1. Can you tell me the order of 15-25, 90-100 when each peptide is scored by its average per-residue count of other Cβ atoms within 10 angstrom, highest first?
2. Which value, in debye to the nearest 20, gives the size of the charge dipole of the chain about its Cα centre, when Lys and Arg are +1 and Asp and Glu are -1 at the Cβ?
3. Give the aspartates and glutamates reachable from K103 as a straight Cα distance under 16 Å; neighbours fewer than 8 places away on the same chain don't count.
4. From zero up to wherever the largest Cα-Cα distance of segment 125-277 sits, split into 10 Å bins and tell me the percent of pairs in each.
5. Once the other residues with Cβ under 9 Å from the Cβ of I222 are scored (Lys, Arg +1; Asp, Glu -1), what is the net sum?
6. Going by C-beta contacts inside 10 Å, put I157, I105 in order with the fewest on the left.
7. Calculate the translational D of the chain in whole µm² s⁻¹ from Stokes-Einstein, where the hydrodynamic radius comes from the Kirkwood formula applied to all Cα pairs, the temperature is 37 °C and the viscosity 0.692 mPa s.
8. What dipole magnitude, in Debye to the nearest 20, does segment 66-116 give about its Cα centre under +1 on Lys/Arg Cβ and -1 on Asp/Glu Cβ?
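No value in this document is a laboratory result; all are computed from the given coordinates. None of the values given here were measured: they were computed from a predicted structure. Cβ: placed from backbone, ideal geometry, glycine included. Neighbour counts: every protein chain shown.
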Amino acid sequence: MTANERIPRTKISALIADVDGTLVTADKVLTPRARAAVQALAAAGIAFAITSGRPPRGMEMLIEPLALRTPIAGFNGGVLVAPDLTPIEEHLLAADVARRAVKLILDRGLDVWVYSGEDWLVRDKAAAHVASEEKAVQFTPTVVDNFEMVLDRAAKIVGVSDDPDLMARCEREAQSILGSRASATCSQSYYLDITHPDANKGMVVTTLSRLLSIPHAEIATIGDMPNDVLMFRKSGLSIAMGNADAEVQRQAQFVTASHEEDGFAKAVERYVLGTEIEASS
C-alpha cells in the first residue's frame, strides 16, 4: 500500500475470491496464512465464497480446509452448488452453440475439452495441460473420440493452446461468432472458456448477492485474470493480485502481492479486515 492509499470505510459483508492465481499458489497450495485469513473473515462475520473456471468437483478439496458455508460458483458461475455439492443453479450452453464452439476451436487448431455434469471429457489424456489440470482439480478426465453425446448438456467448453496470439485471436472470433449466446473469455493465458452468457464472474457477484442477501456495495472481490474484471465492476471493493497483468490491476481499486507471496491473505488482512496478521511460523 502506498502512502496515498486509503483503506475504504465501506462496510464489507462478503468476499468473493477467484481460486487459481489468487487463493492458491502456482503449485495449487492453500497456504496456512490464506487459511488463517479465511478463518479471520468468519470470526468477523464476513461471508467468504469462491468462484472459478474449475468444475465444482474441482474445488471440493477446498471446502473442508476453509469451512465453506456459502454457494460455490464453478465454471465461472455456470453451475452453483452447496458445500455438499448439491446443485443450486445451473446455466448450460445451448446445444447448437456448444457445437459451433467445438467446431470453431478445432478449426483454429486448438485442443478442446468439454465439461458436462460431473464429467471432464478430453480427446487425448497426454495433450498439453491435461496432467496439470488433473492435478489441480484432483479427478481424472474421460477420453472420448468426439463430444457429440454431451453437447446438449455442456456447462463449459475449453480451447487449449500455448500460443498466446492464437488464443487472443480465437477469443475475439468466439466472441464475434457466438455473440450474446455465450461468454468467451480466457481464464488463463492458455485456456479459452466458453460458457452460457450468464456464466461469468459479474453474474456470480449478482447471484451471490441475491442468495446471501448482501448488497453489491458490501461485497469485496479479488482475482488475477481479465475474466475477474467483470466481478470487480459489480462489487463495492475490488482487489487485483500482484501477478495480474497491468490492465487487470488498473481495473481494481487495490493491488496486493502475488499468489506466491500470500497476496490473498495480505489483501484480506489489509483491505477487508483492516489489520495485518503475522504469518504463522
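1. Output ranking for 15-25, 90-100: 15-25, 90-100.
2. The calculation lands at about 820 debye.
3. Candidates past the 8-residue exclusion: D111, D145, E148, D152, E171, E173, D193.
4. Reading the bins upward from 0: 10, 30, 37, 19, 4, 0.
5. -3
6. Final ranking by Cβ density, sparse to dense: I105, I157.
7. 174 µm²/s
8. Rounded to the nearest 20 debye, it is 160 debye.
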